[in-house]
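Below is one structure, written out as structure tokens, with a few remarks after it.
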There are 2 protein chains.
Amino acid sequence: MGDPPHEPVELPPDPPAATGSGPGDRFLRACHRLPVDRTPVWFMRQAGRYLPEYRKLRLGRDILEMCRDPELATRVTLLPFEYMPLDAAILFSDIMVPVAAMGMDVRIEPGVGPLVDDPLRGPEDLRRLRPLDPEADVPYVLEAIRMLRKELAVPLIGFAGAPFTLASYLVEGGPSRNHEMTKAFMHGDPERWAMLMEILGAAVLAFLLAQVAAGVQAVQIFDSWVGALDPDDYTLFVLPTMRGIFDGLAEVGVPRIHFGVGTGELLPLMRQAGADVVGVDWRVPLHEAWERVGFDVAIQGNLDPATCLAPWEAVEAKALAVLRRAAGRPGHIFNLGHGVLPGTPVATLQQLVDLVHERTARPMEDGEEAW
Amino acid sequence: MGDPPHEPVELPPDPPAATGSGPGDRFLRACHRLPVDRTPVWFMRQAGRYLPEYRKLRLGRDILEMCRDPELATRVTLLPFEYMPLDAAILFSDIMVPVAAMGMDVRIEPGVGPLVDDPLRGPEDLRRLRPLDPEADVPYVLEAIRMLRKELAVPLIGFAGAPFTLASYLVEGGPSRNHEMTKAFMHGDPERWAMLMEILGAAVLAFLLAQVAAGVQAVQIFDSWVGALDPDDYTLFVLPTMRGIFDGLAEVGVPRIHFGVGTGELLPLMRQAGADVVGVDWRVPLHEAWERVGFDVAIQGNLDPATCLAPWEAVEAKALAVLRRAAGRPGHIFNLGHGVLPGTPVATLQQLVDLVHERTARPMEDGEEAW
């Protein structure tokens, strides 16, 4: 348990001067735990269904088809910047894009999620996954990245789904509450599970390296559903693959963000996986989450996205609690604890960006003014 | 993180003698943290879809209708005892039975869950919830309890859904991934939320007191979805009501079990709510969960139910890890971390009951033999 949510934000004893930090680089500086002029803020699914223009663009269009159109993906990625001065953009795409390109029959059912008509079940099924050659298989993603870099004044984040989360969709055939077939697979045939993780891990690494080569300035790996595992299973069945991916990314030097939902018990292990920034959901108070991953990595989060459907006063109180728990420590990136929900008012996110920027404004020169 | 899952179970230095403990009372003794001859074991949803007879009985029948038939509810409650020597029975019923009896239009959609056609949304909606008079509104539940007490050689557990979990169904209209309307309700209109909690809390308390009067020897409150809340929200919007219910139950003296899923961060608060036994899911290693709630309450759990779909060797290894973490400390009740999943083989649960009983067998007389 943390402190009550309605106290004023406490100031750190000596806010470090942040010379050189501004809107264009505060996100990347925070990833490296460098002092910043304001806490950077972006939102998972910031280019999503809460935006009327997005809903219009989606009408009659398949999401994967949208992801395969670089001009459309670019346009959607930029949409939220018409409303608010976010500190990072995240490429509009879907975690299932690479697995679809590897030969799986994937579709995104609106309001449901990814569906895989012929899931991975039998011993021969892994053969259906071709290795991913990003330049040949997903050129549209790389093209969108190149186009976006010409348009953007803030850093562009690339992303991929993590092998466990991808495997869950591929094995269950769709979104799953219990992930029971995936768990039965890993426990029942650990060797074949390791092969599946290796295949998906190699694809994720290749995909992210290609995104970096095309221009993304940071990468986020979404292991959205890995919080369904206990620490023993994570250690045995997921951690080695994640470590391999983060190691492989280390060479290109861009910040690596690792995000999952319900990962309170896994945070020390996710830290071992090797990310520079760990993204956390709202269940763990931010300062406790940061302690668990260690203050030598940056942290991203963690306002409950459901809160954003409440009146502004409630959103404000909870957002300030997040900032207070971050305590002005360098290396906090403000975000929600999961993606923006479709019913979220645009005005709430606008106010939230302003609140974070205003309440965390630091002196640019001599460190004398409070933030 | 805990220790690796494949080590032998460690013996406590001096296993206490458990004179007087046997199959009929080991569950209740464990609730009171008294020494027992074997660790008691029961399973949430032990009378459920994994049993072929249950599936047959369900054909063409509505679940709520089954719950309203005391003879059928009795028969279903007893079904798992034909297969395995469980240490407790739990009344076959559904958490939505009392709210349906309070005037809400509820149905259980097979494979989906409870659906409420006309959810609680407007400011006048709370009036639609009548106070619950158990003897008049749910006599069939009390009748089933009386019938079961004549049949059972082990204790009978009564239960109710907790106000937050019930409210989520009533506000969202069905199962929800994000509980966003419920959260918007609590943050947007805290006073009306407090009224809703009070109405539901009073009904839950009256329902459980009536169950105790009819003969149940322990009660479990399922706050299945409360793990969606952060500790601040739990403290403000849920804890006061839960404390009231547990206080109200204290007078009748039966053990009070408090269970939720994904509650790792809430465990210290759930302990404050006042239960005698806290039920935990599989995400937190059992010894860590026990530390968080305090060793002066008993603990119930916490094998991942999805594991039970894997081959027996995997189930065994993970069950032994749970027992090792319990370390023979009095007050452990073995259970799954959530309900038995429909695809679970009956044989796996049978082996699991035997495993727990065999590996935790304690000397009955002089404390000399290892367990």
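The values are calculated or read from the model by the stated rules, or taken from the named source; none is laboratory data. Everything numeric here is computed off the predicted structure, so don't read it as measured data. Positions of Cβ are backbone-derived with ideal geometry, glycine not excepted, and every protein chain shown enters the neighbour counts.
Key figures for this structure:
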{"item": "Matching entry among B:Gly343, B:Gly274, B:Gly337 (being in contact (Cβ under 8 Å) with a residue 24 or more places away in the chain and either in contact with a Pro (Cβ under 8 Å, 6 or more places away or on another chain) or buried (at least 23 other Cβ atoms within 10 Å of the Cβ) (or both))", "result": "B:Gly337"}
{"item": "Top-ranked residue in the stretch A:280-306 [being among the hydrophobic types (A, V, I, L, M, F, W, C) and over 20 Å from B:Gly262 (Cα atoms); ranked as farthest from the other protein chains (Cβ to nearest Cβ)]", "result": "A:Ala298"}
{"item": "Verdict on B:Leu266 being touching a Phe, Trp or Tyr at 6+ places or on another chain (Cβ under 6 Å) and of a type outside the set (Phe, Trp, Tyr)", "result": "yes"}
{"item": "Qualifying position, being closer than 21 Å to B:Asp87 by Cβ, assigned to a loop (DSSP other than H, G, I, E, B) and touching a strand residue (DSSP E or B) at 6+ places or on another chain (Cβ under 6 Å), among B:Ala275, B:Ala361", "result": "B:Ala275"}
{"item": "Selection within the stretch A:234-278 - farther than 21 Å from A:Glu198 by Cβ and either β-branched (Val, Ile, Thr) or touching a Gly at 6+ places or on another chain (Cβ under 6 Å) (or both)", "result": "A:Val254, A:Ile257, A:Phe259, A:Val261, A:Gly262, A:Thr263, A:Gly264, A:Glu265, A:Arg271, A:Val277, A:Val278"}
{"item": "Test: residue in the stretch A:131-144 that is touching a helix residue (DSSP H, G or I) at 6+ places or on another chain (Cβ under 6 Å) and within 14 Å of chain B (Cβ to nearest Cβ)", "result": "no"}
{"item": "Scan of the stretch A:58-83 for residues that are under 23 Å from A:Asp137 (Cα atoms), surrounded by fewer than 18 Cβ atoms within 10 Å (Cβ to Cβ) and in contact (Cβ under 8 Å) with a residue 60 or more places away in the chain, ordered by number", "result": "A:Asp69, A:Glu71"}
{"item": "Odd one out for A:Arg256 among (1) touching a residue at least 40 places away in the same chain (Cβ under 8 Å); (2) within 14 Å of the chain's Cα centre (by Cα)", "result": "(1)"}
{"item": "Residue match in the stretch B:102-113 (condition: at positive phi and more than 23 Å from the chain's Cα centre (by Cα))", "result": "yes"}
{"item": "One residue from B:Leu336, B:Leu341 being within 14 Å of chain A (Cβ to nearest Cβ), under 14 Å from B:Met84 (Cβ atoms) and at pLDDT 95 or above", "result": "B:Leu336"}
{"item": "Filtered residues of the stretch A:224-248 (kept if more than 14 Å from chain B (Cβ to nearest Cβ), surrounded by fewer than 24 Cβ atoms within 10 Å (Cβ to Cβ) and either within 16 Å of the chain's Cα centre (by Cα) or outside any helix (DSSP H, G or I) (or both))", "result": "A:Phe246"}
{"item": "Residue within the stretch A:287-304 that is over 23 Å from A:Arg29 (Cα atoms), outside any helix (DSSP H, G or I) and touching a Gly at 6+ places or on another chain (Cβ under 9 Å) present", "result": "yes"}
{"item": "Residues that are β-branched (Val, Ile, Thr) and over 20 Å from B:Met195 (Cβ atoms), drawn from the stretch B:107-131", "result": "B:Ile108, B:Val112"}
{"item": "Residues satisfying the stated conditions in the stretch A:317-329, i.e. away from chain B (no Cβ under 11 Å) and over 14 Å from A:Val278 (Cα atoms)", "result": "A:Ala319, A:Leu320, A:Leu323, A:Arg324, A:Ala327, A:Gly328, A:Arg329"}
{"item": "Index of the failed condition, A:Gly262 passing every other in (1) within 10 Å of another protein chain (Cβ to nearest Cβ); (2) farther than 30 Å from A:Pro52 by Cα", "result": "(2)"}
{"item": "Members of the stretch A:132-149 found to be under 21 Å from A:Ile199 (Cβ atoms) and among the acidic types (Asp, Glu), listed by number", "result": "A:Asp133, A:Glu135, A:Asp137"}
{"item": "Residue ranges of helices (runs of 4 or more DSSP H) in the stretch B:16-91 with at least 3 members in contact with a helix residue (DSSP H, G or I) (Cβ under 7 Å, 6 or more places away or on another chain) and of a type in the set (A, V, I, L, M, F, W, C)", "result": "B:63-67, B:70-78"}
{"item": "Enumeration of residues in the stretch A:249-259 that are over 19 Å from A:Trp42 (Cα atoms) and either within 11 Å of chain B (Cβ to nearest Cβ) or not in a helix (DSSP H, G or I) (or both)", "result": "A:Glu251, A:Val252, A:Gly253"}
{"item": "Test: residue in the stretch A:163-179 that is among the aliphatic types (A, V, I, L, M) and surrounded by fewer than 22 Cβ atoms within 10 Å (Cβ to Cβ)", "result": "no"}
{"item": "Inter-residue pairs, beta-carbon under 8 Å, first over 19 Å from B:Ala289 (Cα atoms) and touching a residue at least 12 places away in the same chain (Cβ under 8 Å) and in the stretch B:303-314, second among the acidic types (Asp, Glu) and in a helix (DSSP H, G or I), 6+ apart", "result": "B:Ala306/A:Glu180; B:Leu309/A:Glu180"}
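Residue-by-condition table, conditions (1) in contact with a helix residue (DSSP H, G or I) (Cβ under 7 Å, 6 or more places away or on another chain); (2) within 14 Å of chain A (Cβ to nearest Cβ):
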| site | (1), (2) |
| --- | --- |
| B:Val171 | yes, yes |
| B:Thr182 | yes, yes |
| B:Phe185 | yes, yes |
| B:Asp189 | no, yes |
| B:Gln217 | yes, no |
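The rows are residues; the columns are (1) among the hydrophobic types (A, V, I, L, M, F, W, C); (2) without any contact (Cβ under 8 Å) to a residue 24 or more places away in the chain.
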| site | (1), (2) |
| --- | --- |
| B:Tyr54 | no, no |
| B:Leu91 | yes, no |
| B:Pro98 | no, no |
| B:Glu124 | no, yes |
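Let's see how each residue does on (1) surrounded by 21 or more Cβ atoms within 10 Å (Cβ to Cβ); (2) at pLDDT 95 or above; (3) under 22 Å from the mean Cα position of the chain (by Cα):
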| residue | (1), (2), (3) |
| --- | --- |
| A:Pro4 | no, no, no |
| A:Pro8 | no, no, no |
| A:Pro12 | no, no, no |
| A:Pro16 | no, no, no |
| A:Cys31 | yes, yes, yes |
| A:Leu86 | no, yes, yes |
| A:Pro98 | yes, yes, yes |
